[in-house]
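Student: One structure, as structure tokens, below. Some questions next.
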Amino acid sequence: MISFFAKWQRIDWLLFFAVSILLVLGISILYSLSLNTDTNNFLVFRKQIFFALSGFILFFFFASVNYNVWLTYAKLIFILFSLILVAVLIFGSEVKGTTGWINFGFFNVQPVEFAKIALIITLARYFSQYAGEFFMFRHIVKSGLLTLLFVGLVMLQPDLGSALVLLGTWIIVLLFTGIKKAHFWWLTGAFLATVVIAWFFILIPYQQDRILTFIDPGRDPQGTGYNVIQSMVAVGSGQVFGRGLALGSQSSLRFLPEPGTDFIFAVIAEDLGLVGVTLVLALFVFIFYRLFLVMRKSQDDFGAYLILGIAAMLLVQTFINIGMNMGISPVTGIPLPLVSAGGSSMWAIMIVLGISQNVYIRNG
């Protein structure tokens, strides 16, 4: 019993409290949004409390599992989630135009959120094994093909946002590893060629419209540009101290679409103003800082790359979500980690943070 409590004393409680504050903030925003429905339906609010509490259980469970287990079973995990992503295309249910969900009655599960974890483990294994050989282009290609398998399966759903998160995670890990300048320009050229091919042969019309709207939100203010325009209005109307919880006109009068998921950052900006936005950004920066410390102190390459992959995934998701709320990235349906409503994203984030804590504990 003494050893059990001694182990939990070694958890990074500073990171834990930062995560807890973000969870409480997100739940508070969802509660305020529930007050402004015609029926005061608190179902989303109640579900989020359940997901947060069960997320803490997952956090502590994965914090207690030796992270080297994921190294041992990395290949199996990658194969398993490849098959799951294929199965979703065949048996999955469609939600908002994306066939990426499995229905369990009370809630839907989105397997791609957990496939992100599988990719992080796979990349951490590959990069730790060949970190000293990434001056050889074939290792860049091999790690890229592993990523592109997941990206391709996710694009077939189609889910552009999650595909960008998977691809962005690989790119950040690759850049931190260090590559030759010539290889960098080869990859840049390949990326641009892929963008052109994707535009003409892969992206479906509504995804193209979202990208065009990102470039010029005013091209269709009552159609594809409506979400972005309303979001930017909400962000600007909060000013310094905000209008107060449940008092923002854009969210309370339902001008702002998807206020509890895609555009929850705009609700925070409108209700809590610059003060609330600064708090949210500061908490995310602090979490990234704590993860950086864990990565730097890790005594083995696998642990370091595991933390790097986790931080990269969180960074890409945070940037995309906040960016689309402010009109600086396309609207892709990516939730704000720990804040937006949704069980799959919540559980996946709490799992990876739990894994990071095991790396923290085992490396002192």
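Student: With θ set to phi - 60° and the Karplus curve 6.51 cos²θ - 1.76 cosθ + 1.60, what are the ³J(HN,Hα) couplings of the stretch 53-66 in order, to the nearest whole Hz, using x for Gly and Pro?
Tutor: Listing the rounded values in order: 5, 5, x, 5, 4, 5, 4, 6, 5, 6, 5, 8, 8, 4 Hz.
Student: Would you give the gap between the C-alpha center of the stretch 318-335 and the C-alpha center of the stretch 258-308, rounded to a whole Å?
Tutor: 15 Å
Student: When only C-alpha pairs under 8 Å and at least 6 residues apart count, what is the relative contact order of the stretch 9-362, in percent? Walk me through the numbers before you get to the answer.
Tutor: Values: 491 pairs, mean separation 98.7, N = 354.
Result for the stretch 9-362 is 28 percent.
Student: Sticking with this structure for a sec: Checking the table K75/K180; K47/K297; K96/K116; K116/K181; K47/K116; K96/K181 against a 32 Å threshold on Cα-Cα, which pairs fail?
Tutor: On the way: K75/K180 28 Å; K47/K297 37 Å; K96/K116 21 Å; K116/K181 28 Å; K47/K116 23 Å; K96/K181 41 Å.
Table pairs above 32 Å Cα-Cα are K47/K297; K96/K181.
Student: On to the next question. For the chain, give the magnitude of the charge dipole about the Cα centre (Cβ charges: +1 Lys/Arg, -1 Asp/Glu; no others), in debye to the nearest 20.
Tutor: Working: 20 positive and 15 negative charges, 192 e Å.
Taking the Cα centre of the chain as origin, the dipole is about 920 debye.
Student: Still on this structure, I have one more. Between I204 and M136, how many nm apart are label points set 7 Å from Cα along the C-beta direction?
Tutor: If labels sit at I204 and M136, their model points lie 4.2 nm apart.
Student: Between rounded, prolate and oblate, where does the chain land on the alpha carbon gyration tensor, with a ≥ b ≥ c its root eigenvalues, rounded for a/c under 1.5, else prolate if a/b exceeds b/c? Walk me through the numbers before you get to the answer.
Tutor: Working: a/c = 1.64, a/b = 1.19, b/c = 1.38.
Verdict is oblate for the chain.
Student: Between S28 and L293, 0.36 nm times their residue separation minus their Cα-Cα distance comes to what? Write out the running numbers ahead of the final one.
Tutor: Working: separation 265, 0.36 × 265 = 95.40 nm, distance 3.00 nm.
Length gained between S28 and L293: 92.4 nm.
Student: Separate question: Using the Karplus curve 6.51 cos²θ - 1.76 cosθ + 1.60 with θ = phi - 60°, what ³J(HN,Hα) values do you get for each residue of the stretch 114-120, in whole Hz, with x for Gly and Pro?
Tutor: Rounded to whole hertz, the list is 7, 5, 4, 5, 4, 5, 4.
Student: First check a/c for the stretch 14-65, with a ≥ b ≥ c the square roots of the eigenvalues of its C-alpha gyration tensor; if it is under 1.5, answer rounded, and if not, answer prolate when a/b is larger than b/c or oblate otherwise.
Tutor: Working: a/c = 6.95, a/b = 2.13, b/c = 3.27.
Cα axes put the stretch 14-65 in the oblate bin.
Student: Run the quick spin-label model on F184 and V65: label points 7 Å from Cα toward the beta carbon, then report their separation in nm to one decimal.
Tutor: The modelled label-to-label distance comes out at 3.7 nm.
Rule-based calculations on the coordinates, nothing more; no lab input. Just so it is clear, the structure is predicted and the values come from calculations on it, not from any experiment. Every residue, glycine as well, gets a Cβ built from its backbone with ideal geometry; the counts of neighbours run over all protein chains shown.
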